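> I have a structure I would like to understand better, so I am pasting it below and will then ask my questions one at a time.
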Amino acid sequence: MHPFHKPMLATLAAALSLAACGPQEPTAPTAPAAVEDSRTPAQREAERTPYALDGAFAQAAAEFNVPADLLKAISYTETRWENVQGAEEFPGLPAAYGLMALRGERLAEGARLAGVSEEAVRTQPQANIRAAAALLSAYATELKLDRADLGAWAPAAAKYSGIANTEAQAQYVHTQVYDVLRKGAVASTPAGDLAVSLMPTQVQAQFASPLVHSMSADYTPAIWRPSPNFNSRPAGTDISMIVIHTCEGSYSSCWSWLVDTASGVSAHYVVKEDGAEISQLVLEANRAWHVGATYDCSLNGSVMCGMNGVSVNHFAVGIEHGGFASQTTFPAGQIDASAKLSCDITKSQGIVRDSYHIVAHGRLQPATRTDPGPNWPWSTYISKIQSYCGTTTAGSIIIDSNQANNDTSKGYIEVTGASWVSSTNVAGYYGSGYYASPTAAVSEPATFWFYLPAAGTKTIDAWWTSATDRSTTAPFIVWDAAGNKLATVNVNQQLNGGKWNTLGTWSFPAGWNKVQLSRWTTAGYQVIADAVQVR
């Protein structure tokens, strides 16, 4: 038996009600009315399921005569059991919604078949699952499937995917949906409660097998799946950037769309959700069509300003990742595989390994894109790239304002009080945003904690975004693990935004040391807690 996949779910308890479509106020228990129970045995069994998502899948399965395990496996393949609120990544491909990643015409048809509104399918987990079950049931009838044979549902799963490419259909069925059916998966809420489980089932999909492909010329571990959607880079182009994307869908549907001539888009690489496979679609030497914007250095820390007005596609390599910008976490295997790929690209193309040259699609095209989203683990990702390339600075720690970007065994952020607001309003931030708070005579700092396994002398740098409302005397207070205040450094945050600014060098003992940004300074301004580097 394979070990279960174990994703972590944000709780859906507030959104998912098995008894009603909307939230309800709690009421005192009353005696049940003496009415006839019209539920089927399968529905009664489903309602005894103790976990909210398990129960929702079971109820929808019973209602529409669809295997519950198939619903779970498709949901896991599409969203890792996250209630995603998708966004458009590729023109012509509508955004996907909910646990089942329904989109476009399939969302509308599923809503019609389930007797719910399209808005409910987009926003309510139970309605989303029911719409998907209704759609699969209709496919089963159309395809004349044996509903009792789980393996016979493979053509319905392929049709559900919306994938037109026959090879990608085969991969979706065999290496994604039926692979998770065979291996099983479980997911817990952040509190550790089991939210949904899929027990391993020895089943074979009744569907054509995927083709065997040649390997990539640029990156040996990748599979070569050539896209026609590319052209030559301008003569003399220096490839100097990697752009990180999310597909807003599954791996198979992503690469199949990008190799379709009709899509008019492409990327150089696509990384599977578990990192087990990477597809290369365009040679790095050629120009893929993945960013719909010209470069503006003011969005990227005023780096490479000589490229202003130039199409990003001229000088960038694009990496898509199966998944969504709205998801709460990214699988460790995917981050690891992507970091190895990015290391290889930086070596072959001479790209600088930092957050100015390995950047988010949403940073470069903020008017219409947000991917890879606020929870992409930037600090971990850049550190992994540097580690694989052998360029990690010994003892260097970056603590970001977004906890998802931190290795909390080495450093984390802590904000005190309700006045700190997460923001991306001003460009030039490190990672995926920053905290801002109005100045006031209160002890409510933002604290950047960092752990040193041994005593040492360290230089502390701070990163912020600059604007005219920023404090000119923002106080950074440096403390050691013994509680000694080493220094207070006042900085002008109206200047020098979008880069590292050195606060000073001090000797620290082993243990948890900290740098605090205080709000206690001249009133009428904002202080910005973005990131701190210890080196």
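> Give me the percent of accessible area attributable to carbon and sulfur for region 482-535, probe 1.4 angstrom. Write down the numbers at each step before the final one.
Working: 1120 of 2430 Å².
Of the solvent-accessible surface of region 482-535, carbon and sulfur hold 46 percent.
> Name the shape class, rounded, prolate or oblate, that the alpha-carbon gyration tensor gives for the chain, where a ≥ b ≥ c are the square roots of its eigenvalues, rounded holds for a/c under 1.5, and otherwise prolate holds if a/b is larger than b/c and oblate otherwise.
On the way: a/c = 2.13, a/b = 1.40, b/c = 1.52.
The shape class here is oblate.
> A further question follows. Give a quick list of chymotrypsin sites (Phe, Trp or Tyr not before Pro) in region 346-406 that DSSP marks as loop, anything other than H, G, I, E or B, with at most 12 other Cβ atoms within 10 Å. Before the final figure, lay out each step's value.
Values: sites: Tyr356, Trp378, Tyr381, Tyr388; in loops: Tyr356.
Sites meeting the loop and neighbour criteria: none at all.
> Okay, next question. Using θ = phi - 60° and the Karplus form 6.51 cos²θ - 1.76 cosθ + 1.60, what ³J(HN,Hα) does each residue of region 207-224 get, whole Hz, x for Gly and Pro?
Once rounded to whole Hz, the list reads 7, 4, 7, x, 6, 9, 10, 6, 8, 5, 7, 7, 9, 3, x, 8, 8, 8.
> Quick one: accessible surface of Ser443, probe radius 1.4 Å, all protein chains present, in square angstrom to the nearest 10.
Result for Ser443: roughly 90 Å² accessible.
> Once you list every other residue whose beta carbon is under 13 Å from the beta carbon of Leu150, what net charge do they have if Lys and Arg are +1 and Asp and Glu are -1?
Numbers: positive: Lys72, Arg147, Arg182; negative: Asp69, Asp146, Asp149.
Overall, the nearby charge balance is 0.
> Thr261 to Gln403: extension gain in nm, 0.36 nm per residue of separation minus the Cα-Cα distance?
Going from the current span to full extension adds 47.1 nm.
> Near the amide H of Asp469, under 5 Å away, which other amide H atoms are found, from residues 5 or more places off or on another chain, if H is placed in the peptide plane?
none
> For a label point 7 Å from the Cα of Ala164 along Cα→C-beta, name the residues of region 261-305 whose backbone N is under 14 Å from it.
261-265
> Which residues' amide hydrogens lie under 5 Å from the amide hydrogen of Gly504, considering only partners 5 or more residues apart or on another chain, with H built in the peptide plane?
Amide H neighbours of Gly504: Ile460.
> Continuing with this model, one more query. What are the ³J(HN,Hα) couplings of region 175-186, residue after residue, when phi is run through the Karplus curve with 6.51, -1.76, 1.60 and θ = phi - 60°? Round to Hz, x for glycine and proline.
Those phi angles translate into 9, 10, 4, 7, 5, 6, 4, 6, 8, x, 7, 9 Hz.
> Check which residues have an amide H placed less than 5 Å from Ala96's amide H, if you skip close sequence neighbours.
HN-HN under 5 Å from Ala96: Gly86, Ala87.
> Suppose every K and R has +1 on its Cβ and every D and E has -1 on its Cβ; what is the size of the dipole of the chain about the Cα centre, in Debye to the nearest 20? Could you put the intermediate results ahead of the total?
Working: 34 positive and 44 negative charges, 192 e Å.
Here the size comes out at about 920 debye.
> Ok, one more. What number of lysine-lysine pairs in the chain show an alpha-carbon separation below 16 angstrom, given a sequence spacing of 8 or more or placement on distinct chains?
The number of close lysine pairs in the chain is 13.
> Could you tell me the accessible area of Lys499 in Å² (1.4 Å probe, neighbours in place), rounded to the nearest ten?
90 Å²
> Now a separate question. As a test of reading the structure, rank Met304, Met215 by solvent-accessible area (1.4 Å probe, protein chains only), most first.
Details: Met304 40, Met215 95 Å².
Ranking Met304, Met215 by accessible area, largest first, yields Met215, Met304.
> Specify the inter-centroid distance of region 155-223 and region 234-287, based on alpha-carbon positions, in whole Å.
If you average the Cα positions of each part, the centres end up 20 Å apart.
> Enumerate the calculated ³J(HN,Hα) couplings along region 362-374 in order (Karplus 6.51 cos²θ - 1.76 cosθ + 1.60, θ = phi - 60°), each rounded to whole Hz, writing x wherever the residue is Gly or Pro.
Going residue by residue, I get x, 5, 8, 9, x, 5, 10, 9, 10, 5, x, x, x Hz, with x marking Gly and Pro.
> Once Rh is set to the Kirkwood radius over Cα pairs, what Stokes-Einstein translational diffusion coefficient, in µm²/s, holds for region 389-535 at a temperature of 4 °C and a viscosity of 1.567 mPa s? Don't skip to the answer; put the middle values down first.
Details: Rh = 15.2 Å.
Diffusion coefficient, whole number: 85 µm²/s.
> Run the numbers for Ser302 and Thr505: contour at 0.36 nm per residue of separation, minus the present Cα-Cα distance, in nm.
Details: separation 203, 0.36 × 203 = 73.08 nm, distance 2.61 nm.
Full-extension gain reported as 70.5 nm.
> Taking just the alpha-carbon atoms of region 161-316, what radius of gyration and Dmax come out, in angstrom?
So, for region 161-316, Rg and Dmax equal 19.0, 58 Å respectively.
> In addition: If each DSSP helix of 4+ residues adds -39,500 (n - 2.57) and the sum is divided by the residues in the chain, what number results at 222 nm, nearest 500 deg cm²/dmol? Working shown, then result.
On the way: 14 runs with 133 residues, N = 535.
About -7000 deg cm²/dmol.
> Run the simple label-point estimate for Ser423 and Ala487 please: 7 Å along Cα→C-beta, distance reported in nm.
2.7 nm
The values are calculated or read from the model by the stated rules, or taken from the named source; none is laboratory data. Computed from a prediction, not measured in an experiment: that's the story for all the values here. For neighbour counting, all protein chains shown are included, and Cβ atoms are generated from backbone atoms with ideal geometry for every residue, glycine included. Remember, those area values only see protein heavy atoms, side chains included, never the ligands or the DNA or RNA. Shrake-Rupley method; radii C 1.70, N 1.55, O 1.52, S 1.80 Å.
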